[in-house]
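What follows is a short report on a single structure.
The values are calculated or read from the model by the stated rules, or taken from the named source; none is laboratory data. Here the structure is a predicted model, which is why all the values come from computation and not from measurement. Neighbour counts run over all protein chains shown; Cβ positions are idealised from the backbone, glycine included. For accessibility, only protein heavy atoms count, side chains too; no ligands or nucleic acids. Shrake-Rupley method; radii C 1.70, N 1.55, O 1.52, S 1.80 Å.
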Amino acid sequence: MKINTQDLLKAGVHFGHIARKWHPNMRPFIFMKKGGIHIIDLSKTVVKLNKACEELENIVFSGKKILLVGTKDQAKEKVSYYAKIANMPCVTERWLGGLLTNFTTIRKSVKKMNNIEKMKKNGTFNTLSKKEKLLIDRLYTKLYKNLGSISNMNHIPGGIFLVDPNKEKIALSEAKKLKIPVFAMVDTNTNPNEIEYPIPSNDDSSKSINIILKYVSETIQKASSSRNKNDTINVENKIIIDNNKDKINNE
């Protein structure tokens, strides 16, 4: 996967915030100031994005999940779309406090949601009274809205990707507490020193968010595919070894 600077430029990844709203620690990533707006140095973006993608690849290849988080309006649709493509969990609605630090309790709620789905599939739901159905439906709607997108996350994720860490402060705080590697799009109003893998980029434009997530998603898919192939080869090799052992024992 080669990152194209021209594509980043077309998507407006270089547009930062109004200069007076900047964070001084972003100085190394700012190319210039134009019309009162800071312009991000895309050559630095490419370097940081490459570094982030390398580590994402390692995490996914090891069999762990990446949790994608973007609850601001410009990010919701994109995060949801790329999470589905990459088969990764995501959060696009309100971040539930304790989602990571109190993961056991969250998993219980997910289990409750899954049980309601089973009831609807096996016909148990239809045997309930009208009032019971209504109450269960309300509960399911609430659970699905907040937890539906993380139903396949059975363990603490191996990494978390944030679109705008300023907006996702609680998620950032929980990830840091649990020492989960944090990857994030950092705009010129963000402190990059709080992020292990900062990607200097415009986090307000849906086009900018889209292209960064596209690269991230492609990396995750590539790593998942490599892992699956590797698992298949290991299984095939085990079968060959076992067959050879049987032959030797029979002789």
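Key figures for this structure:
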item: Matching residues in segment 28-81 - criterion: being assigned to a loop (DSSP other than H, G, I, E, B) and within 22 Å of the chain's Cα centre (by Cα); result: Ser62, Gly63, Lys64, Lys65, Gly70, Thr71, Lys72
item: Some residue of segment 121-129 being out of contact with any Pro (no Cβ under 7 Å at 6 or more places or on another chain), among the basic types (Lys, Arg) and closer than 20 Å to Gly70 by Cα; result: no
item: Pair list, Cβ < 6 Å and 6+ apart or interchain, from segment 46-59 residues that are more than 15 Å from Val182 (Cβ to Cβ) to residues that are part of a helix (DSSP H, G or I) and of a type in the set (A, V, I, L, M); result: Glu57/Ala223
item: Hey, Glu174 touching a Leu at 6+ places or on another chain (Cβ under 8 Å) and acidic (Asp, Glu) or not; result: yes
item: Test: residue in segment 78-92 that is open to solvent by 80 Å² or more (accessible area, probe 1.4 Å), over 20 Å from Thr219 (Cβ atoms) and not β-branched (Val, Ile, Thr); result: no
item: Residue match in segment 56-67 (condition: out of contact with any Gly (no Cβ under 7 Å at 6 or more places or on another chain), buried (at least 16 other Cβ atoms within 10 Å of the Cβ) and either acidic (Asp, Glu) or closer than 15 Å to Leu213 by Cα (or both)); result: yes
item: Segment 82-128, residues that are part of a loop (DSSP other than H, G, I, E, B), touching a residue at least 60 places away in the same chain (Cβ under 8 Å) and of a type outside the set (Phe, Trp, Tyr); result: Asn87, Met88, Pro89, Gly97, Gly98, Leu99, Leu100, Thr101
item: Members of segment 97-125 found to be in contact with a helix residue (DSSP H, G or I) (Cβ under 7 Å, 6 or more places away or on another chain), open to solvent by 50 Å² or more (accessible area, probe 1.4 Å) and at pLDDT 95 or above, listed by number; result: Thr101
item: Test: Ser225 is in contact with a strand residue (DSSP E or B) (Cβ under 7 Å, 6 or more places away or on another chain), open to solvent by less than 60 Å² (accessible area, probe 1.4 Å), modelled with pLDDT under 95 and not aromatic (Phe, Trp, Tyr); result: no
item: Residue list for segment 40-55, filter: touching a strand residue (DSSP E or B) at 6+ places or on another chain (Cβ under 7 Å) and open to solvent by 20 Å² or more (accessible area, probe 1.4 Å); result: Asp41, Lys44, Lys48, Lys51, Glu55
item: Candidates Ser129, Ser109, Ser62, filtered to the one that is within 25 Å of Gln221 (Cβ to Cβ) and polar (S, T, N, Q); result: Ser62
item: Odd one out for Asp231 among (1) farther than 24 Å from Lys2 by Cβ; (2) charged (D, E, K, R); (3) at pLDDT 95 or above; result: (3)
item: Residues located in segment 12-22, provided they are more than 25 Å from the chain's Cα centre (by Cα) and either at positive phi or not hydrophobic (A, V, I, L, M, F, W, C) (or both); result: Arg20, Lys21
item: Segment 179-189: number of residues that are surrounded by fewer than 24 Cβ atoms within 10 Å (Cβ to Cβ) and either of a type outside the set (Lys, Arg) or in contact (Cβ under 8 Å) with a residue 40 or more places away in the chain (or both); result: 4
item: Residues being outside any helix (DSSP H, G or I), over 14 Å from Asn189 (Cβ atoms) and touching a residue at least 60 places away in the same chain (Cβ under 8 Å) - total across segment 1-27; result: 6
item: Matching residues, segment 20-37, being in contact with an Asp or Glu (Cβ under 9 Å, 6 or more places away or on another chain) and open to solvent by 100 Å² or more (accessible area, probe 1.4 Å); result: Phe31
